[in-house]
Amino acid sequence: MKKVLVIGSGGREHAIVYQLSRSSQVEHIYCAPGNAGIAQLAECVAIGDTEVEKLLSFAREQKIDLCVVGPEAALAAGVADAFRAAGIPVFGHTKAATQIESSKEFAKELMVRYNVPTAAYRTFADYEEAIQYVRSRNTYPTVLKYDGLAAGKGVVIAENEQEAQHALNDMLVGEAFGKGKVVIEDYLQGPEFSFMAFVDHHRVYPMPLSQDHKRAYDSDMGPNTGGMGAYTPLPFISEQEEQWALENILQRVADAMVQEGKPLTGVLYGGLMKTDNGIKVIEFNARFGDPETEVVLPLLETDAYTVFHAIATGEILDNIAWHKQATIGVVMASCGYPGAYTKGAVINGVEDFDGLVLHMGTAVKDGQLVTNGGRVLMCIAHGDNIQQAQQHVYAEIKKIHCSNLFYRRDIAHWAL
Ligand code: AMP
Ligand code: GLY
């Protein structure tokens, strides 16, 4: 029987822990640092997700058989490199391979070199040169992206020169996200979707397609958030298109990363857009998407330990099997999110929800479950089709009561 350490503390990690807890091979799960929902399935350990040395010595002491890394910050801090060097199987990319997410410039250069379809772009380190370029192009909207990790806040879609000037000034002069370059790229249009795969060097095992909902309010209004809900499958992408994207985007990038001496050994997340000129890459992530993982991973039929361990150690898997049910996840967020919000509101009725409730930001205070973050819970239900899953999730979510939570009432509207 195996002991697993999961690193991270959100809904994504709760989904990972949930699937590992169902594996007949797994005896004990530790999660660093975890959350109140994860604590029902795993032993939470108070170590931060980038405290590499502490994580490693804990894993050594407990004789961990496998480590699964959730957040990009942990990967970019070199957690997987340290575990690999210590001979502990780890699911997650090296720091070098994580550049596919942590450096937009690296990802863009790789795509151009290996002919992966993406928006045309140029990179700038100097504010004057960048603004000159924007002026000479004089085409709006124009997309400005900070080169490094920016917790999802590094992209600005400028509608005019003034907005571009403001954003470039913030990023290159004010160094709002630290010292770094800016990628300026063409604005693309079309529905966005997420295509994730387990990748071990050249081997790519696709996951079901899913779609995130970034805006805070119904009808895709309001500010951008970390994601207010997700669903799978997607009716607007055909099997042929999916196969095309698998071969020409995910497989090509996996092969390219081997060629570059930075093989992938974890999740490759393609943030893709279906444009009138074909499917193109908006971004890559080097980890499970959040909140997409919360609807995709519960559909994993193959034993989760088998999958993570095989990717970590280079064993070949024949196939990864998935349940075919339609699945919807609705995020319950603190009132005010993504702006300022308060914590500590009592949540009742979670155990009455018929389906799966994954915790994104909760805590236990005086024996009661309370809100402890912007996004708090993700409520997940299945159905034979999207409509059924949607009816089910919205009927059940009414059973959860909290004075300080709100949610979108139209998750999966793109599919109906
Ligand atoms: P990213 O962090 O690169 O995913 O960008 C955040 C969001 O900005 C994406 O989900 C898109 O909605 C939007 N975006 C990024 N790049 C482009 C682009 N080239 N054209 C249009 N929208 C974009
Ligand atoms: N859902 C988008 C992301 O995980 O980056």
Theoretical FRET efficiency, 1/(1+(r/R0)^6), r = Cβ-Cβ of GLU315 and SER24, R0 22 Å, to 0.05: 0.80
Hey, which of these cross-link pairs are over 19 Å Cα-Cα: LYS145/LYS181; LYS104/LYS179; LYS54/LYS153; LYS104/LYS145? LYS54/LYS153
If you put +1 on each Lys and Arg Cβ and -1 on each Asp and Glu Cβ, how big is the dipole of the chain around its Cα centre, in Debye rounded to 20? 460
If we count other beta carbons within 10 Å of each Cβ, what is the order of GLU27, GLU283, fewest first? GLU27, GLU283
In nm, spacing of pseudo-spin labels at HIS413 and GLU301 (7 Å Cα→C-beta vector): 3.4
Sort 145-155, 248-258 for me by packing, meaning the mean count of neighbouring Cβ atoms within 10 Å per residue, highest on top. 248-258, 145-155
Can you give the local net charge around THR302? Use residues other than it whose beta-carbon is closer than 13 angstrom to its beta-carbon, Lys and Arg +1, Asp and Glu -1. -3
Okay, which of the stretch 294-323 sit inside 19 Å, backbone N to the point 7 Å along the Cα-Cβ direction of HIS202? 311-320
Taking Lys and Arg as +1 and Asp and Glu as -1, residues besides HIS213 with C-beta under 15 Å from its C-beta add up to -3
So, counting K/R as plus one and D/E as minus one, what does the shell of residues with Cβ under 10 Å around ALA59 add up to? +2
Protection-proxy order for peptides 5-16, 62-73, 166-177, each taking the mean of Cβ atoms within 10 Å per residue, highest first: 5-16, 62-73, 166-177
Which of the peptides 317-326, 187-196 is most tightly packed, and how do the rest follow, going by the mean number of other Cβ atoms within 10 Å of each residue? 187-196, 317-326
Answer with one residue from PRO291, VAL376, GLN325: the one whose Cα lies farthest towards the positive end of the charge dipole of the stretch 256-404, charges on Cβ with Lys, Arg +1 and Asp, Glu -1. VAL376
So which aspartates and glutamates pass the test for LYS274, namely a Cα distance under 20 Å, with those fewer than 8 places away in the same chain ruled out? GLU185, ASP186, GLU192, ASP212, ASP220, GLU239, GLU241, GLU242, GLU247, GLU283, GLU292
Taking the beta-carbon count within 10 Å as an exposure proxy, list VAL17, VAL330 from fewest neighbours to most. VAL330, VAL17
May I ask you to work out the translational diffusion coefficient for the chain at 4 °C, viscosity 1.567 mPa s, via Stokes-Einstein with Rh from the Kirkwood sum over Cα pairs, reported in whole µm²/s? 59
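Only the coordinates and a few stated rules stand behind these numbers; no lab work does. Computed from a predicted structure; not experimentally measured. Neighbour counts are summed over all protein chains in view; Cβ atoms, including those assigned to glycine, are modelled from backbone coordinates with ideal geometry.
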